[in-house]
Amino acid sequence: MTTYRLGGPRAMDRRRDETRDGDVVFVSPRGLSDASRFLIEALPKTPPSNALFGMDTEGAPLLAARQLWPEARFRWFHMDAYVASKVATVLDDNGVQDIAAEALSDPPNGPFDLVALPFPSRNERQLMWDLLESAHDALAMGGRLVASTDGDGRALRDAVKKVFRNVTPAGAGRKKGAAFYGIRKREGAALSDRRHVVHATVKSLDDDAGIPLRLETRPGTFAYRRFDDGTRALAEWLEPDPVTTILDLGAGCGALGIHAALRHPEARVTLVDSNVRAIDCARRNIELNEVSGRVEALVRTDLEDLPSGVDLVIANPPYFANLRIATSFVQKAFDALRPGGRLAIVVRAGKAAELHKEIITELFDDGEAEEIRGYAVLSTRRP
């Protein structure tokens with residue numbers, strides 16, 4: 001029996017999870033995710049020579065596979081650099097030095113003998129299809145997919161069958177959660193081009209014509225196939241104050257920061273996100289909107305190495321992680337802004353706005369709140 005620790009070296013070990021008939025044990029603060037557990041239990045006994053894992057947030061399936069197949073070669077990836085950094089810490093904490101946790105916009109090219117991926121029910125459907133097709137194309141002929149979900153397994157089963165033209169249940173059926181196998185049996189590629197270009201025009205109080213935008217989006221990025229209402233609210237709020245430097249935190253595909261660059265044609269703009277695929281889209285959108293001379297897009301694992309002395313920081317923070325990300329955004333904005341520089345973030349009106357305002361006022365002046373399209377734009381200046 002081998003025991004692995006999840007959550008990093010300082011995590012409290014409150015939960016113990018036994019898998020593979022007790023041969024592989026995990027201790028962690030919150031317990032092993034169901035999707036990871038189902039994936040681990042479905043790993044075949046026959047070892048592959050070359051396997052791809054990833055898109056989980058714990059690294060547990062990779063650790064289990066490495067114990068089961070000590071002679072195999074492994075790669076692990078995630079589209080988010082922050083998650084990849086967390087998994088790298090888990091690998092290091094468990095003495096794994098020969099496998100890197102890679103942050104990539106797409107699964108790496110194969111050929112692999114096995115690809116093992118979890119598909120949590122909260123993930124978007126188009127990303128599931130995108131990853132399944134990428135997994136198919138990364139497999140060698142006869143290579144095996146292992147896919148799991150913590151939700152209703154029917155959607156995953158149907159998708160695996162559509163992509164691979166075969167599907168086999170992996171293990172006993174469950175009321176909630178399932179795992180499936182698919183075997184690559186055809187030479188042709190399965191991957192579809194799911195890039196979608198959004199056309200949007202943003203008007204403001206002093207601009208009847210509006211500013212047109214062209215935004216390439218992809219599954220797994222914010223916001224796929226649409227111009228997010230919160231982003232539009234903050235874009236409409238932007239004032240024509242003279243600014244020379246702008247920082248967009250959590251920029252996604254770059255919609256807000258690129259609009260700010262068009263609205264402030266003398267300004268230099270920096271777009272920052274931890275999602276590698278989103279930043280790839282942002283870089284293409286910089287070209288599409290012809291602002292490449294003064295806008296740059298950067299992957300940052302945890303908002304490190306940001307510019308300083310900035311005139312304006314803008315952000316549409318995500319609504320998860322128990323406000324951890326929003327708190328980090330506010331702290332990093334304070335550090336990046338010059339004295340008198342302005343922070344503007346957009347959140348849902350109501351309770352969310354009240355919570356975010358509490359975070360802001362710990363560092364900044366009280367500032368202002370303006371409701372637009374059911375969202376609250378909170379703005380303040382650095383003392």
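General observations
- Pairs with Cβ under 6 Å, 6+ apart, first in segment 338-358 and touching a residue at least 12 places away in the same chain (Cβ under 8 Å) and in a helix (DSSP H, G or I), second open to solvent by less than 30 Å² (accessible area, probe 1.4 Å) and of a type in the set (Val, Ile, Thr): ALA353/VAL347; HIS356/VAL347
- Whichever residue in segment 309-337 is part of a loop (DSSP other than H, G, I, E, B) and in contact (Cβ under 8 Å) with a residue 24 or more places away in the chain and, among such residues, is farthest from ASP273 (Cα to Cα): GLY309
- Check on ARG338, exposed (fewer than 15 other Cβ atoms within 10 Å of the Cβ), in contact with a Gly (Cβ under 7 Å, 6 or more places away or on another chain) and not hydrophobic (A, V, I, L, M, F, W, C): yes
- From the options GLY220, GLY188, GLY250, residue that is touching a Lys or Arg at 6+ places or on another chain (Cβ under 6 Å) and not basic (Lys, Arg): GLY220
- Lone unmet requirement of (1) open to solvent by 70 Å² or more (accessible area, probe 1.4 Å); (2) touching a residue at least 60 places away in the same chain (Cβ under 8 Å); (3) outside any strand (DSSP E or B); (4) farther than 27 Å from ASP335 by Cα for ARG226: (2)
- One residue stands out in segment 69-119 among those that are part of a strand (DSSP E or B) and either in contact with a Phe, Trp or Tyr (Cβ under 7 Å, 6 or more places away or on another chain) or of a type in the set (Val, Ile, Thr) (or both): the one that is surrounded by the most Cβ atoms within 10 Å (Cβ to Cβ), namely ALA116.
- Candidate set: segment 309-319, residues that are in contact with a strand residue (DSSP E or B) (Cβ under 8 Å, 6 or more places away or on another chain) and surrounded by fewer than 17 Cβ atoms within 10 Å (Cβ to Cβ); chosen: the one farthest from ASP106 (Cα to Cα): GLY309
For every residue, the table says whether it meets (1) within 18 Å of VAL115 (Cα to Cα); (2) assigned to a loop (DSSP other than H, G, I, E, B); (3) among the charged types (D, E, K, R); (4) open to solvent by less than 30 Å² (accessible area, probe 1.4 Å).
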site: ASP21; (1), (2), (3), (4): no, yes, yes, no
site: VAL25; (1), (2), (3), (4): no, no, no, yes
site: LYS45; (1), (2), (3), (4): yes, yes, yes, no
site: GLN67; (1), (2), (3), (4): yes, no, no, no
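The values are calculated or read from the model by the stated rules, or taken from the named source; none is laboratory data. Everything numeric here is computed off the predicted structure, so don't read it as measured data. With ideal geometry, Cβ positions are generated from the backbone for all residues, glycine too; neighbour counts draw on all protein chains shown. Areas reflect the complete protein model, heavy atoms only, side chains present, ligands, DNA and RNA absent. Shrake-Rupley method; radii C 1.70, N 1.55, O 1.52, S 1.80 Å.
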